1. Out of Ala207, Ala227, Ala163, I need the residue that is of a type in the set (A, V, I, L, M), closer than 25 Å to Ala14 by Cα and modelled with pLDDT of 90 or more. Which one?
2. Looking at (1) loosely packed, with under 15 Cβ neighbours inside 10 Å; (2) within 30 Å of Trp119 (Cβ to Cβ); (3) at pLDDT 95 or above, find the lone condition where Trp21 falls short.
3. In this structure, does Ser25 turn out to be polar (S, T, N, Q), free of Cβ contacts under 8 Å to residues at least 12 places away in the same chain and either touching a strand residue (DSSP E or B) at 6+ places or on another chain (Cβ under 7 Å) or under 25 Å from Arg136 (Cβ atoms) (or both)?
4. Looking at the range 64-98, which of its residues are surrounded by fewer than 12 Cβ atoms within 10 Å (Cβ to Cβ) and not in a helix (DSSP H, G or I)?
5. Using beta carbons and a limit of 9 Å, which pairs, at least six apart or on different chains, have the first residue in the range 56-71 and touching a residue at least 12 places away in the same chain (Cβ under 8 Å) and the second one among the acidic types (Asp, Glu) and surrounded by 12 or more Cβ atoms within 10 Å (Cβ to Cβ)?
6. Could you look through the range 151-184, keep only residues that are assigned to a loop (DSSP other than H, G, I, E, B) and not polar (S, T, N, Q), and pick out the one that is surrounded by the most Cβ atoms within 10 Å (Cβ to Cβ)?
7. Looking only at the range 22-51, count how many residues are within 16 Å of Phe181 (Cα to Cα) and of a type in the set (S, T, N, Q).
Amino acid sequence: MTTLFALPGSFSPADALALFWLFFSWFAIGWFIEHPPKNHPSVSILMKEYRRDWMRQFVTRSPRIFDANILTTLREGTAFFASACLIAIGGGLALIGKTDQLAGVARQFDIDHVPALMWEIKIVVVLFFVANALLRFIWSHRLFGYCAILMGAVPNDVTDPTAIPRALKAAEINITAAKSFNSGLRCVYFSLGALGWLAGPLWLAIATTAVLAMNIRREFGSGSRRAILHGPG
């Protein structure tokens with residue numbers, strides 16, 4: 001029974017550390033983006049209030065075709081990434097069945113001999129992130145659909161007592177959908193980082209650090225964040 005779950009002999013402590021760094025970074029940056037310091041909010045947190053403002057403006061806007069177009073664009077984005085993840089999963093599963101060819105390519109680059117099982121484990125880690133992203137994009141797409149229905153239920157009469165409450169409900173669903181979409185994007189980023197493991201644990205650690213730094217910069221130090229927070233100039 002113990003041999004069934006035994007790791008291949010080529011799985012070194014360096015591999016374990018790099019793999020731990022990958023999953024820790026993925027979890028930590030997701031938590032930090034959603035729970036940033038109060039004096040330095042992330043782009044995701046800043047956008048939450050703009051989404052609520054969007055729904056407040058939506059109540060008084062006539063016609064509402066502009067809002068419908070925005071929501072359609074958001075849903076198309078989630079559908080595109082979900083389709084891309086499905087294709088990537090199919091490619092990854094096909095690659096698992098051809099690890100011998102992958103090992104041959106690795107030998108051409110003077111990469112040490114790695115058992116076929118180890119190649120499969122490395123590919124499965126990538127597929128874990130891609131599959132996670134797929135599930136999050138699908139859920140985000142469905143939530144944007146819920147948001148569309150809630151928006152359709154908002155009365156055209158701005159004096160109707162249910163108008164603002166229903167619009168704010170739509171805003172919260174919109175925020176949840178965006179949170180799931182952003183989480184899916186992070187999974188895509190870290191799946192690309194996980195590809196570094198194909199070249200060895202050092203490259204996995206380097207790729208993970210690069211992806212982590214990119215996420216931190218985009219959420220906390222990008223020009224788009226400054227524009228959202230302070231405006232032009």
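1. Answer to the check: Ala207.
2. (1)
3. Judged against the criteria, Ser25 is not a match.
4. Gly97
5. Here the result reads Phe58/Asp67, each pair linking the range 56-71 to a residue that is among the acidic types (Asp, Glu) and surrounded by 12 or more Cβ atoms within 10 Å (Cβ to Cβ).
6. Our first condition is that a residue be assigned to a loop (DSSP other than H, G, I, E, B); within the range 151-184, this holds for 153-162.
Okay, now just the ones that are also not polar (S, T, N, Q), so 153-155, 157-158, 160-161.
Working: Ala153: 13, Val154: 23, Pro155: 14, Asp157: 10, Val158: 13, Asp160: 13, Pro161: 9.
Here the residue is Val154.
7. So the count comes out to 2.
One line per residue, one yes/no per condition, for (1) over 30 Å from Thr209 (Cβ atoms); (2) of a type in the set (Ser, Thr, Tyr):
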position	(1), (2)
Val158	yes, no
Ile173	yes, no
Ser183	no, yes
Arg186	no, no
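The values are calculated or read from the model by the stated rules, or taken from the named source; none is laboratory data. Every value quoted in this text rests on a predicted model; they were computed, and no experiment measured them. Cβ sites come from the backbone with ideal geometry, for glycine too, and all protein chains shown count toward neighbours.
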